[in-house]
């Protein structure tokens, strides 16, 4: 099933300046950018979207939750917003969707910022492969909020505990049959051949690219960010110290400052 008609929920900040699409990690939602969006609002038009199957966006059963499919839906979102192009900023799977968008519709992606982004299949965490266990969806539906919070906190590198409300939202979606199915559909597709196909085309992405990466990310290790920068023709790397997998949540002032500097450079 195509994602073309899936309703996309988003939050917007700002009314003038560069146009920016903010994308979150797998299992999370647009709230992941709540600490950065208001700062960007003074300088740009920012839209934080819930990816298909996440947050308050549509979660159709049996849909194609591959990276290219989600990327096509994000390009359609530009049409719905009336935007010719935008800077795509994505964390984790949101970075993978941003990379896919730049490959599928290069004229619509003005620049990229990839925050602890997935990029190579061999760089994905082994932990994610537990999602292939037949019992995994049932365990996720039964997991209490405190356990979900522990998992999110571990992903942060153990520096800061995940907010309770975030853990509650993640658990709430995983307890819903459609949300649970969409999450595991997207997770399992992620470990398929999509990244192998996409990574062969990264040298085609010539737009300015800012790669930010938490040095203590236990999921996507820092050397994979260095590899990504070597693969993209116009990329620079900004390490974020004392930070795990979600820099925009863990170190929002650092991320906001780096993004604003980058946006000023790309114009």
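Observations
- For segment 10-266, radius of gyration divided by Kirkwood radius, i.e. Rg to Rh on alpha-carbons: 0.93
- Counting 0.36 nm for each residue step from residue 35 to residue 80 and taking away their Cα separation leaves a gain of 13.7 nm.
- Helix-only [θ]222 nm of the chain, DSSP H runs n ≥ 4, -39500 (n - 2.57) each, per residue, nearest 500: -12000 deg cm²/dmol
- Extending 7 Å from the Cα toward the beta-carbon at both residue 176 and residue 129 defines two label points whose distance is 3.2 nm.
- In percent, rounded to a whole number, the relative contact order of segment 44-156 is 18, using alpha-carbon pairs under 8 Å and six or more apart.
- Note on the chain: with a GNM built from Cα contacts shorter than 10 Å, the maximum mean-square fluctuation among 61, 181, 225 falls on 61.
- Inter-part distance where segment 54-111 and segment 13-51 are each reduced to a Cα centre, Å: 14
- Extended-chain gain in nm, criterion 0.36 nm per residue less alpha-carbon gap, residue 200 and residue 221: 5.5 nm
- With contacts taken as Cα pairs under 8 Å and at least 6 residues apart, the chain reaches a relative contact order of 20 percent.
- For segment 124-216, the relative contact order works out to 29 percent when only alpha carbon pairs closer than 8 Å and six or more residues apart are counted.
- Packing-based order for 183-189, 13-19, using average beta carbon neighbours within 10 Å, highest first: 183-189, 13-19
- For the peptides 133-143, 155-165, residues were scored by their other Cβ atoms within 10 Å and the scores averaged per peptide; the highest-first order is 155-165, 133-143.
- In plain terms, the bigger the Kirkwood radius, the slower the diffusion; for segment 1-80, with that radius from Cα pairs, at 25 °C and 0.890 mPa s, Stokes-Einstein puts D at 190 µm²/s.
- Inter-label distance for residue 42 and residue 150, nm, one decimal - labels placed 7 Å from Cα along Cα-to-Cβ: 4.1
- Placing one equal scatterer on every Cα of segment 1-134 and applying the Debye formula, the log10 ratio I(q)/I(0) at q = 0.12, 0.18, 0.19 Å⁻¹ is -0.43, -0.97, -1.08.
- Look at where the Cα atoms of segment 147-212 and of segment 226-265 average out, and the two centres are 17 Å apart.
- Modelled spin-label separation between residue 234 and residue 159, with each label point placed 7 Å from Cα along the Cα-to-Cβ direction: 2.9 nm.
Laboratory data are not the source of any read-out in this text; all were calculated from the coordinates shown. Every value quoted in this text rests on a predicted model; they were computed, and no experiment measured them. No Cβ is skipped: glycine too gets one built from the backbone with ideal geometry, and neighbour counts run over all protein chains shown.
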